[in-house]
Structure formats: C-alpha cells, structure tokens
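Reviewing the structure listed below.
The values are calculated or read from the model by the stated rules, or taken from the named source; none is laboratory data. This one's a predicted model, so the numbers in the text were calculated from it and none came from an experiment. Quick reminder, even Gly has a Cβ in these numbers, built from the backbone with ideal geometry, and neighbours come from all protein chains shown.
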Amino acid sequence: MSDALGAVFAALSDPTRRGMLERLVREGSTSVPELAGELPISRQAVAKHLASLYDAGLVVRAPGEGREVRYRLRPHALAGATAWLERTEDAWDTRVGRLKRALEKPSR
Amino acid sequence: MSGELWPVEQVEDERPRVEREVLVEASPEEVWEAIATEEGRERWLEEEGEREVDVVVAEEPARLVWWWAPDGPHEQPSRVEFLIRAVAGGTRVLVIETAPRLPLEMLALHAAAVLV
C-alpha cells in the first residue's frame, strides 16, 4: 500500500474525523471554531483532526471571513456519487417509459 | 411523490438514491408479472443487455426488491425496490434504486484514486 493510500485510510479510521467528513458532505464547509463549538473536544484537537484530513487529501483549505480558515471537501470528491445519480436517473427515465409502453401496448 | 401512497419506512436510507414514479394503465398483477418474472422483464429491460437480477423480496403484487450490478470488474451491486399500488385508472409504480456506496466511501475511493 502506498503511503498516500495509508494516509487516507488512517484519516478515515477515526470516528470523529469520519463525522467531520459526513458533516462536510451535508453542509459544504466548516471551520475550527465551528466544529469546536459543537464537538466535545478542544479547538486544538479539532485543528489536529482537520490537519490529518488535509494531509490525506480529503479536504482543502479556503479563506473564510476575516482570518478564518474554512475547510471543504476536495473538489470533485463526490464526482463518483454525482455521476452515478445522473446515470441512474437517465436509465430509470428510459426504463419506466419502456415498462409503461410494454404494459399498455394493446397487442400485448 | 404522494406521501400517503408509499410507506415512509420503506424509502428511508442514508445512501444516495434515485426515485421514479409512473402511472401505468394496467392492473397491479400485470405490473408484477412484468417486473417480477424473467419473461416480463425481457419486454422492457432486455435492450440493456444481460444484467443478472437477484430478487431478495417478493411480496406479490405490492413490493419487489432486487440487487443487480452492471457488467464490469469494478461495478458494485445496487438495490432496486418497486412499490406497486392500485389507483384510479391503473397502477402506480414507485421505483427506488439505492447507490451501491455511502458518500463517504465514494469520497474515500476518490481520494485514494487521486493520491495513488
């Protein structure tokens, strides 16, 4: 296993960090103060977890308001999920049409 | 989608999913025959080529669940659920296909692919 892949697995092995990622999936971005306000851990611990996600390439840093640093998922991180949704939506649009026609065909 | 027609607990899942609903001018039994039997499926699914359908729940004629996967070495199986209800003018069919992986798993695979 490459070190890079090892970093990803290590980052994902921690439930607190997985929770942070799931939050990013839902909400788009977060910051150290935001997370520290909601999780029962110190700002320092939050910053350490985010740094580990950053080192693993799972999140990127972006400037927020003032001096705040915001964290986001790596761009296109969910491209696989989006592509699946689009492909599957198209496929079912076609299939339900075919199902309807197959059942309503008078010559059935 | 009409909330009363479909029981909520059957469509709740945290994975991404696609839902489509269609009104068919046919009886629930005819719909069932078209989705639950191989001969029936050949009439509307065969153009997509061979895809093995593994039926896991068959509550005739109201609810059918199968797993399937597109051909390919990296394709993961996904779950497809049909809910079938008689309504005025025919039968309403709700189909829900659930993504094979959780968003987090997709993210992990993406990150791994970028970094490797």
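The table below gives the values:
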quantity	calculated
Verdict on residue B:24 being within 11 Å of another protein chain (Cβ to nearest Cβ) and modelled with pLDDT of 95 or more	yes
Enumeration of residues in the stretch B:20-66 that are assigned to a loop (DSSP other than H, G, I, E, B), surrounded by 18 or more Cβ atoms within 10 Å (Cβ to Cβ) and among the hydrophobic types (A, V, I, L, M, F, W, C)	B:26
All positions within the stretch A:20-31 that are within 22 Å of residue A:9 (Cα to Cα) and surrounded by 15 or more Cβ atoms within 10 Å (Cβ to Cβ)	A:20, A:21, A:22, A:23, A:24, A:25, A:29, A:30
Residue list for the stretch A:57-90, restricted to those being at pLDDT 80 or above and either closer than 18 Å to residue A:12 by Cβ or facing chain B (nearest Cβ under 8 Å) (or both)	A:57, A:58, A:59, A:60, A:71, A:72, A:73, A:74, A:85, A:88, A:89
Residues satisfying the stated conditions in the stretch A:98-108, i.e. touching a helix residue (DSSP H, G or I) at 6+ places or on another chain (Cβ under 9 Å) and modelled with pLDDT of 80 or more	A:98, A:99, A:100, A:101, A:102, A:103
